[in-house]
Amino acid sequence: MKNDKRKPATELVRAGVGATPFREHSEALFLTSSFTFASAEDAAEKFAQPMADYVYSRFSNPTVTTLARKVAALEEAELALATASGMSAILSLVMGLCKAGDHVLCGASAFGATLQLLGGVFPKFGVDVELIPGAEPEEWRRAARAETVLLLAESPSNPALEIADIAALAEIAHSRGALLAVDNCFCPFGQKPLTLGADIVVHSATKYLDGQGRVLGGIIAGGEEVLRDRIYPFLRCGGPAMSPFNAWVVGKGLETLPLRIRAHSDAAMQVAEAMQKCEKMESVLHTALPSHPRHALAMRQQNGLGGGIVSLYLRGGRKEAWEFINALRLFSVTANFGDAKSTVSHPATTTHSKVEESLRAKLGISENLVRLSVGLESPEDLIGDLCGALG
Ligand SMILES: Cc1ncc(COP(=O)(O)O)c(C=O)c1O
C-alpha cells in the first residue's frame with residue numbers, strides 16, 4: 001500500500017525517517033547537535049539548501065522529522081515543523097507571517113499566555129493585535145481590514161470551551177487575503193482544521209500529543225510553501241528548536257493518540273453527565289453535552305469526539321472552588337492537561353490570572369470555574385472522587 005493511501009492512525013504508528021542500518025524496530029533517538037559531511041563541497045551544498053538536510057539540530061534532526069511527519073499525517077498537512085513548546089509555535093507563527101504595520105485578529109478566549117504574547121509583546125514591534133470576544137464569526141468579519149494578515153482561533157478554547165466556526169473564519173480570512181491559524185490542542189485526531197479550510201494548525205504537543213505529561217513541545221502544520229518560505233526561516237535562525245529527546249517521547253506518544261483521545265472523550269462525557277446531576281453545580285460545560293451552546297457545530301468539527309476537558313461552574317465563588325479542588329484526592333492540582341493522569345485547575349488564579357479581570361469576566365473565566373482534564377483512570381473512580389469532594 002502506498003503511503004499516501006494510509007489513514008492517519010496508521011501513519012501515527014508508521015511514519016518517520018525509517019530505520020538505521022541496525023534495523024531497529026522502535027525509532028532511533030538521534031541525540032546529536034550536528035551532522036558530519038562527506039567533504040567541504042558536500043557541506044557547502046547542504047548549507048545552501050532552502051530547507052537544510054541534516055546539518056545542525058537547530059535546523060533539522062531525524063528524530064524531530066519523524067515526529068513532524070507523524071503530525072503532518074495526523075493533520076492532513078503538506079508539512080509540519082516542530083518547536084520547543086506550544087508557545088514557541090505561536091511565537092514562530094507570528095514572527096514568520098507578520099511585520100510592523102500588520103494587523104492580527106485573535107480569539108479573546110485563547111490560552112492566557114497566547115493573549116499575553118499577542119496582546120502584550122507583538123504590539124511593541126508594531127504588529128497591531130485585536131482580541132475578538134465571543135465566537136460569532138460576524139465579529140471577526142467586522143474587525144478584519146486591509147492590513148489583516150492572520151486570524152488565530154483556539155477551538156475548543158481553554159478553559160471556556162468556546163467553539164470557533166472554522167469554515168466561517170477561513171472564508172473571512174481568505175476574503176481579506178489573510179490566513180487562518182487554529183490552535184488545535186484540545187481535540188487532536190477528532191478535529192482537523194485544515195480539512196475545514198484553515199491554513200495552519202498549531203499545537204502544544206505538551207498536551208494530548210505526548211499524552212503523559214512528560215515533555216514540552218510545539219507543532220506548526222500546514223501548506224509546504226508557507227511553512228518553508230515564511231516560518232522555517234525564523235525557526236532556523238531564531239532557534240526555538242524541539243529537542244530530539246522530546247520529539248522521540250512525543251513521537252512514541254502519538255502511536256496511541258487515537259485510542260487515548262477516544263478514551264478521554266468517553267470518560268469526560270461520563271464525568272460531565274454525573275456532574276450535571278449534582279446540585280452544587282451551577283452549570284457544566286463539555287462539548288459533547290447537548291447543553292453546550294455550540295454542541296452541534298463542535299460535534300461536526302470534532303468528528304463526534306468531545307475531548308477530555310470538562311469545565312465546572314460551582315455554586316459560589318473562589319472559596320467554594322478552592323475547597324473543592326483541595327478536597328480532591330485523585331485529580332492532581334496542576335496547570336497541564338491532556339495527561340493520562342486527571343488534573344484540576346482554577347484558571348482565574350493560575351493560567352488566566354494575568355488576563356484583565358474585565359476580559360476574564362466577559363470570557364466566563366469566573367472565580368467559580370474549575371477546569372478538569374479527565375485522564376485515563378477509571379471514570380467510576382474519578383466520579384467517586386468528584387462526588388466525595390463536593391460532600
Ligand atoms: C490552548 C493552548 N495553546 C498553547 C499552549 C502553550 O503550550 P506550551 O505550554 O507547550 O507552551 C497551551 C498551554 O497550556 C494551551 O492550553
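The values are calculated or read from the model by the stated rules, or taken from the named source; none is laboratory data. The model shown is predicted, which means the values in this text are computed figures rather than measured ones. Because the Cβ atoms are built from the backbone with ideal geometry, glycine has one as well, and the counts that use them run over all protein chains shown.
Just checking: which of the strands (runs of 3 or more DSSP E) contained wholly in the stretch 200-312 hold 1 or more residues that are in the same structural domain as T66 (by TED's automatic domain parsing)? Please lay out each step first, then the result.
Numbers: elements: 200-204, 218-222, 281-285.
Once the strands (runs of 3 or more DSSP E) in the stretch 200-312 are filtered for at least 1 residues that are in the same structural domain as T66 (by TED's automatic domain parsing), what remains is 200-204, 218-222.
Return the total of residues in the stretch 158-212 being closer than 17 Å to A110 by Cβ, within 10 Å of the ligand (Cβ to nearest atom) and either charged (D, E, K, R) or modelled with pLDDT under 95 (or both).
Selection size over the stretch 158-212: 4.
So is A168 among the small types (G, A, S) and buried (at least 24 other Cβ atoms within 10 Å of the Cβ) or not?
In short, no.
Please indicate, with yes or no, whether at least one residue in the stretch 155-166 is assigned to a loop (DSSP other than H, G, I, E, B), touching a residue at least 60 places away in the same chain (Cβ under 8 Å) and within 14 Å of I200 (Cα to Cα).
yes
Can you pull out the residues in the stretch 325-343 that are in contact with a helix residue (DSSP H, G or I) (Cβ under 7 Å, 6 or more places away or on another chain) and buried (at least 22 other Cβ atoms within 10 Å of the Cβ)?
If we filter the stretch 325-343 for residues that are in contact with a helix residue (DSSP H, G or I) (Cβ under 7 Å, 6 or more places away or on another chain), which is where we start, we get 327-331, 333, 342.
Of everything in the stretch 325-343, those that are in contact with a helix residue (DSSP H, G or I) (Cβ under 7 Å, 6 or more places away or on another chain) and buried (at least 22 other Cβ atoms within 10 Å of the Cβ) turn out to be F331, S342.
Scan the stretch 336-363 residue by residue and report those that are touching a residue at least 60 places away in the same chain (Cβ under 8 Å), more than 17 Å from the chain's Cα centre (by Cα) and away from the ligand (no atom under 15 Å from the Cβ).
If the condition is that a residue be touching a residue at least 60 places away in the same chain (Cβ under 8 Å), more than 17 Å from the chain's Cα centre (by Cα) and away from the ligand (no atom under 15 Å from the Cβ), then K341, L359, K362 are the ones that fit.
How many residues are among the aliphatic types (A, V, I, L, M), under 15 Å from R300 (Cβ atoms) and part of a loop (DSSP other than H, G, I, E, B) if we restrict to the stretch 167-199?
Here the count works out to 1.
Which one of these is in contact with a Gly (Cβ under 7 Å, 6 or more places away or on another chain) and over 21 Å from L81 (Cα atoms): A108, A100?
Step by step, each of A108, A100 is checked, and only A100 is in contact with a Gly (Cβ under 7 Å, 6 or more places away or on another chain) and over 21 Å from L81 (Cα atoms).
Return the residues of the stretch 92-107 that are buried (at least 22 other Cβ atoms within 10 Å of the Cβ) and either at positive phi or within 15 Å of the ligand (Cβ to nearest atom) (or both); say none if nothing qualifies.
S92, L93, V94, C106, G107
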